[in-house]
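The values are calculated or read from the model by the stated rules, or taken from the named source; none is laboratory data. For clarity, every value in this text was computed on a predicted model and none was experimentally measured. Cβ coordinates were reconstructed from backbone atoms using ideal geometry, including for glycine residues, and neighbour counts include every protein chain displayed.
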Amino acid sequence: MDATDAVFRALADSSRRELLDRLHADNGQSLGQLCERLAMSRQAVSKHLGILEEANLVATVKRGREKLHYLNPVPIHEIGERWIGKFERSRLQALSDMKKALETGEG
Amino acid sequence: MSKPSFLYVTFIRSSADKVWSALTSPELTVKTWFGTHQETDWKAGSPWRLVLPDGRVADAGEIVEIDRPRRLVLKWRNEFKPELKAEGWSRCTIEIEPVTDNAVKLTVTHQLDGEGTKFIAAVSGGWPRILSNVKSLLETGEPVFTEK
């Protein structure tokens, strides 16, 4: 599966988005900590974290016997830049063209 | 050991040497790291400074560990914003691991030695853009974000 497909597939689930929200609020949690505050079985949380990790939306670090989970926003940035950046460039080009036309009287 | 404040990971279709250069060589950090360059002799124990395009020192510290092109640990403190400098020293770890013949995993963690949140908020705004720039520069030849 393409890396971008994996990101969209991972994000297309409200439970997984909730897990990302939890990590956004408090980054670096263990599986146990994440389960405490969720109405999901430990098994379900673990499965969702696996899908998020596969999509590189969650990155982990081992600390002693614990595995800590972090929200990794880099793939979302990459998706953003792929399309949003393009829109920004064309807006800036349009503004710059308008400025040129108005200031020089040519259009 | 306190836990990292954040952990950023990106996979880049490139070599460890090239990723290392994109994060350390002045010709490339001008493109990937908001126009800055670093001043250091890249030896463990040596001073390290991140210098802005106008010559001001943004951050300063020390090379704690260096294992080119795999691992760099920096002791790091902001130098020009008093509220950030007041939070004291942080530790930044950059790791580059080959994952396949033509791809590497780049991991950046940053943690504050003491208490505080402003410094971490400031650097966590920058790292995803720097990582995206390194990936984009090495995979397509162009960085994405050039302004801070």
Query raised in the report: Which residue pairs have Cβ atoms closer than 8 Å, lie 6 or more positions apart in sequence or on different chains, and pair a first residue in region A:23-50 that is in contact (Cβ under 8 Å) with a residue 24 or more places away in the chain and away from chain B (no Cβ under 14 Å) with a second residue that is among the small types (Gly, Ala, Ser) and surrounded by 12 or more Cβ atoms within 10 Å (Cβ to Cβ)?
Result: A:LEU31/A:SER46; A:MET40/A:SER15; A:ALA44/A:SER15; A:HIS48/A:SER15
Query - A:ALA44 vs. criteria more than 26 Å from B:ALA121 (Cα to Cα), in the same structural domain as A:VAL58 (by TED's automatic domain parsing) and in contact with a strand residue (DSSP E or B) (Cβ under 9 Å, 6 or more places away or on another chain) - result: no
Requested in this report: Assess whether A:ARG91 counts as being out of contact with any Phe, Trp or Tyr (no Cβ under 8 Å at 6 or more places or on another chain) and either at pLDDT 90 or above or surrounded by 16 or more Cβ atoms within 10 Å (Cβ to Cβ) (or both).
Outcome: no
Query raised in the report: Which condition breaks for B:LEU137 when tested against (1) surrounded by 20 or more Cβ atoms within 10 Å (Cβ to Cβ); (2) in contact with a strand residue (DSSP E or B) (Cβ under 8 Å, 6 or more places away or on another chain); (3) more than 11 Å from every other protein chain (Cβ to nearest Cβ)?
Result: (2)
Report task. Residues being more than 14 Å from every other protein chain (Cβ to nearest Cβ), buried (at least 16 other Cβ atoms within 10 Å of the Cβ) and touching a residue at least 60 places away in the same chain (Cβ under 8 Å): count how many of those fall in region B:20-59. Result -> 7
Query raised in the report: In region B:1-18, what residues are more than 10 Å from chain A (Cβ to nearest Cβ), assigned to a loop (DSSP other than H, G, I, E, B) and surrounded by fewer than 20 Cβ atoms within 10 Å (Cβ to Cβ)?
Result: B:ARG13, B:SER15
Query - Check on B:LEU23, outside any loop (DSSP other than H, G, I, E, B) and farther than 25 Å from B:PRO98 by Cα - result: no
Report task. Identify the single condition in (1) out of contact with any Lys or Arg (no Cβ under 9 Å at 6 or more places or on another chain); (2) at pLDDT 85 or above that A:LYS99 does not satisfy, given that it satisfies every other one. Result -> (2)
Requested in this report: Out of B:VAL108, B:VAL123, B:VAL99, report the one residue that is within 14 Å of another protein chain (Cβ to nearest Cβ), more than 12 Å from the chain's Cα centre (by Cα) and closer than 25 Å to B:SER14 by Cβ.
Outcome: B:VAL99
